[in-house]
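Below is one structure, written out as structure tokens; comments come after it.
The values are calculated or read from the model by the stated rules, or taken from the named source; none is laboratory data. Nothing here was measured: the structure is a model prediction, and the numbers come from that model. Cβ coordinates were reconstructed from backbone atoms using ideal geometry, including for glycine residues, and neighbour counts include every protein chain displayed. Calculation scope for accessible area: heavy atoms of the full protein, side chains included, ligands and nucleic acids excluded. Shrake-Rupley method; radii C 1.70, N 1.55, O 1.52, S 1.80 Å.
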Amino acid sequence: MTAVRGAPAGDGGDARPAARLRAPAHRVSRRAIAHWAIEYLLVFGPAFGLALGVAAWAGSAGWTGAPGAVAAHAGWLPVAVGAAGVLAVGVAPVWRYRVHRWEVSADVVYTRTGWFDREWLLVPVGRIQTVDAGQGWLERLLGLATVEINTASHTGSSELTGLPVGVATRLAEDLARRAHDLRDDAT
Amino acid sequence: MTVRADGRPPGEREPGAAPPPARQRLHPLTFVVGATRELLALLGAGAAGLLVGGLSTAFYFTLVGLAFGLVFHVTTWATFTYSVGEERVELRRALIGRTVTSIPRDRVRGVDVSATLGHRLLGLAVVRIDAGADGGEGELNAVSRREADRLRRVLLARAPVDAAAAPPARAVLARMRRRWFLYAPLSGAYLFTPFALAGSVLGFLYNLGDDLGLVTRDRVARLGHDVAGLPSAAVVAAAVALLLAMPIGSVIVFTLFNWDFTVTERDGSLVAERGLVTRRSVALERRRVRGVELTDNPFERAARVARVGALVTGLGDAAHRGRLLPAAPRAYAAAVAAAVVGPVPGPLVPHPPAARVRRIVRAAAPPLAVGAVAAAVGQGRVAVLCAVLTVLAVPLGLDRYRQLGHAADAHRFTLRSGSLLRRQVVVDRGAVVGWRVRQSLLQRRVGLATLDAAVGAGEGGYAGLDMAAPDAVAFAAGITPAWVEPFLEPVPRAAGRGG
């Protein structure tokens with residue numbers, strides 16, 4: 001871990017040791033890997049086709065000057081898009097699966113998401129305003145669901161993707177009930 | 001007072017409840033203001049039409065429009081009533097259909113009172129009731145000034161207010177000094193307002209002329225030739241005059257908007273009043289003010305001037321309505337902030353040196369990348385321009401790093417960032433509704449993290465950019481230990497303090 005300059009000042013008086021968040025307890029469903037892979041494929045497949053088309057068109061346009069200099073290298077465009085696509089479809093879903101975790105303690109919803117960039121989100125149940133469980137068409141095919149948790153602030157709102165349907169609906173109901181019971185007036 | 005939040009349709013009451021509150025009408029002089037404004041506009045158009053085309057159809061159309069306008073204003077007035085009940089404010093409009101806007105009183109977050117010149121001459125004011133996302137909005141255009149004051153007191157008070165009682169004591173929290181109007185040119189916005197005004201006036205004249213058939217291709221072309229034919233000395237003189245006029249114009253506009261800017265506190269709300277011609281007053285319920293924001297730009301920083309705004313729960317158009325001071329010496333601004341939320345925690349903890357590298361790279365990378373592409377395809381001029389921008393970006397990045405900071409005390413915390421527009425927010429601890437820690441791959445490599453405090457007020461979230469990763473977590477844990485500590489990794493004491 002990186003070195004810490006002194007104690008974090010002004011945290012209410014007592015100095016704390018260097019703090020790290022531990023990983024949340026639960027993984028999402030393994031089927032989420034397939035879900036993300038198909039999603040990326042649906043984006044990068046057409047993008048690759050488009051890139052091929054653009055490269056062919058730019059190569060035959062016969063421009064001069066600066067556009068011509070760019071067009072001369074247009075052949076690299078489908079290569080770059082294709083490489084990004086392979087990375088996104090082959091690597092990203094597994095990576096995301098390893099990162100995505102969630103946990104609901106007595107009064108806090110704790111999630112970790114992302115792959116390249118990561119996000120840890122802590123939302124106290126008492127500040128939750130609405131909880132939605134929803135399914136897209138792809139999620140329906142795979143038996144997955146997404147739980148959306150909204151607070152008074154957009155920054156404090158989160159999405160739990162890739163949960164099995166049963167878990168998601170139970171979690172949403174449970175959270176909604178507890179949020180109602182615990183609701184305090186911070187808004 | 002008991003607040004019942006049942007779903008009873010408005011107007012329907014349970015038997016034995018208090019009699020429905022009296023319905024009131026807007027002030028009878030209301031339509032005069034609207035009608036006069038239209039009268040002036042239409043008279044202008046009509047007169048122009050008369051001059052150009054004699055008693056043409058355009059002129060008769062103008063007269064008909066005027067008559068319709070008058071009828072419209074009178075019927076609007078006659079069909080609109082409002083009532084302030086124990087639980088709801090109801091605005092009824094019954095022209096053909098009947099629409100009732102019902103605003104629950106316990107949702108009312110702010111009451112704006114504004115008066116244009118016309119309203120002020122007639123002793124009227126427009127009252128705007130803001131009840132946040134789930135309460136809606138209502139406008140009373142217009143009532144007498146006394147009624148406006150009464151409504152504001154009644155709607156923002158928690159307990160019923162006796163209308164006849166003497167107005168409660170008010171404490172002045174802030175007041176603009178005349179000298180401070182000279183700070184106007186420091187803020188870019190006011191510097192360009194005269195241009196915007198001139199632009200809209202010119203645009204209006206052009207459209208009006210176009211509608212009346214005064215704009216022809218010939219005339220435009222002739223005007224273009226005239227301008228192009230001006231001697232260059234005249235053009236230079238005009239440019240210089242414009243440059244000189246900009247700061248003066250900004251002071252004038254600033255003064256018009258912010259004349260006698262006063263923030264007072266009375267029975268649980270903050271009231272900010274301002275304006276010379278149009279007098280506007282915004283009332284914010286005190287307990288919904290969850291923090292303040294101090295902003296400045298480099299010029300204002302050099303002059304030690306800052307602006308103050310309030311972070312209010314569920315307030316629409318917060319940038320304008322939450323304003324507590326448009327420009328004031330820093331010490332005074334800090335004192336106002338302290339009066340509103342309490343003393344600003346300090347001194348600020350600077351962020352680790354790795355954050356400096358990141359700020360510089362992020363400032364310089366975009367022009368550098370564009371410059372590299374430009375150089376690769378042989379666009380020499382663009383490449384040079386980008387090189388200059390890249391060099392300029394380095395001090396900008398350095399300053400952005402210098403401005404980063406965070407601090408907390410027992411009741412509130414503060415986060416600061418930005419250079420060209422530096423913002424320091426001071427937020428009440430209780431306003432936090434969640435924490436978000438973000439870490440990009442690059443941040444992870446150098447041990448940095450960005451901490452977003454989700455706040456149910458203002459913009460909803462405020463970021464502590466590039467804090468040391470353990471500091472970011474410790475900062476959140478220090479403010480809301482109960483939420484964060486259960487998820488901390490158990491750190492062996494010796495290893496945790498190593499370094």
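Report yes if some residue within the stretch B:428-446 is part of a helix (DSSP H, G or I), open to solvent by less than 10 Å² (accessible area, probe 1.4 Å) and within 14 Å of chain A (Cβ to nearest Cβ); otherwise report no. Full working, then the answer.
Of all residues in the stretch B:428-446, those part of a helix (DSSP H, G or I) come to B:429-431, B:441-446.
Those left that are additionally open to solvent by less than 10 Å² (accessible area, probe 1.4 Å): B:431, B:443.
The next check asks that each one be within 14 Å of chain A (Cβ to nearest Cβ); those that pass are B:431, B:443.
There is at least one residue in the stretch B:428-446 that is part of a helix (DSSP H, G or I), open to solvent by less than 10 Å² (accessible area, probe 1.4 Å) and within 14 Å of chain A (Cβ to nearest Cβ).
If you take the residues of the stretch A:19-46 that are under 15 Å from the mean Cα position of the chain (by Cα) and among the aromatic types (F, W, Y), which of them is farthest from A:G114 (Cα to Cα)? Applying the filter and picking the extreme gives A:Y40.
How many of the residues in the stretch A:81-100 are among the charged types (D, E, K, R) and surrounded by 19 or more Cβ atoms within 10 Å (Cβ to Cβ)? Give the steps one after another, and end with the answer.
Narrowing the stretch A:81-100 to residues among the charged types (D, E, K, R): A:96, A:98.
Filter once more, keeping what is surrounded by 19 or more Cβ atoms within 10 Å (Cβ to Cβ): A:96.
Residues in the stretch A:81-100 being among the charged types (D, E, K, R) and surrounded by 19 or more Cβ atoms within 10 Å (Cβ to Cβ): 1 in total.
Candidates B:R266, B:R307: the one that is on the phi < 0 side of the Ramachandran plot and within 17 Å of the chain's Cα centre (by Cα) is B:R307. Regarding the stretch B:100-109, can at least one residue be identified that is of a type in the set (A, V, I, L, M, F, W, C), open to solvent by 30 Å² or more (accessible area, probe 1.4 Å) and farther than 30 Å from B:V312 by Cα? No: zero hits. Only residues that are in a helix (DSSP H, G or I) and either of a type in the set (S, T, Y) or loosely packed, with under 13 Cβ neighbours inside 10 Å (or both) were counted across the stretch B:362-390, and they come to 5. Of all the residues in the stretch B:467-484, those that are open to solvent by 20 Å² or more (accessible area, probe 1.4 Å) and more than 17 Å from B:R429 (Cβ to Cβ) number 1. Here A:A172 clears all of (1) part of a loop (DSSP other than H, G, I, E, B); (2) over 18 Å from the mean Cα position of the chain (by Cα); (3) crowded, with 21+ Cβ neighbours inside 10 Å except the condition numbered (1).
Collect the residues in the stretch A:118-138 that are open to solvent by 20 Å² or more (accessible area, probe 1.4 Å) and touching a Lys or Arg at 6+ places or on another chain (Cβ under 7 Å), keeping them in residue-number order. Residues satisfying the conditions are A:R118, A:E119, A:W120.
The single condition among (1) closer than 20 Å to B:R429 by Cβ; (2) open to solvent by less than 60 Å² (accessible area, probe 1.4 Å); (3) not β-branched (V, I, T) that A:P164 does not satisfy is (1).
Regarding B:F254, is this residue surrounded by 12 or more Cβ atoms within 10 Å (Cβ to Cβ) and touching a residue at least 60 places away in the same chain (Cβ under 8 Å)? In short, yes. The set of residues from the stretch B:466-478 being at the interface with chain A (Cβ under 7 Å from one of its Cβ atoms) and over 18 Å from A:T113 (Cβ atoms) comprises B:A468, B:P470, B:D471, B:A474, B:F475, B:A477, B:G478.
Scanning the stretch A:1-41 for residues that are of a type in the set (A, V, I, L, M, F, W, C) and at pLDDT below 90 yields a count of 8. For the stretch B:397-418, residues that are surrounded by fewer than 17 Cβ atoms within 10 Å (Cβ to Cβ) and either assigned to a helix (DSSP H, G or I) or within 28 Å of the chain's Cα centre (by Cα) (or both) total 4. Tallying residues that are surrounded by fewer than 20 Cβ atoms within 10 Å (Cβ to Cβ) and at the interface with chain A (Cβ under 8 Å from one of its Cβ atoms) within the stretch B:448-465 yields 2.
Within the span defined as the stretch B:88-95, every residue fails to be among the small types (G, A, S), surrounded by fewer than 17 Cβ atoms within 10 Å (Cβ to Cβ) and either outside any strand (DSSP E or B) or not assigned by TED's automatic domain parsing to the domain that holds B:S144 (or both).
Pairs are defined by a Cβ separation below 6 Å, a sequence spacing of at least 6 or placement on different chains, a first member in the stretch A:152-164 that is within 8 Å of chain B (Cβ to nearest Cβ), and a second member that is among the acidic types (D, E); the pairs so defined are A:T155/B:D452.
Inside the stretch A:114-146, residues that are in contact with a Gly (Cβ under 8 Å, 6 or more places away or on another chain) and more than 8 Å from every other protein chain (Cβ to nearest Cβ) make up a count of 3.
Only one of the listed residues (B:E293, B:E285, B:E265) is surrounded by 19 or more Cβ atoms within 10 Å (Cβ to Cβ) and modelled with pLDDT of 85 or more. That residue is B:E293. Residues that are of a type in the set (D, E, K, R) and touching a residue at least 60 places away in the same chain (Cβ under 8 Å) within the stretch B:422-454 comprise B:R422, B:R423, B:D428, listed in sequence order.
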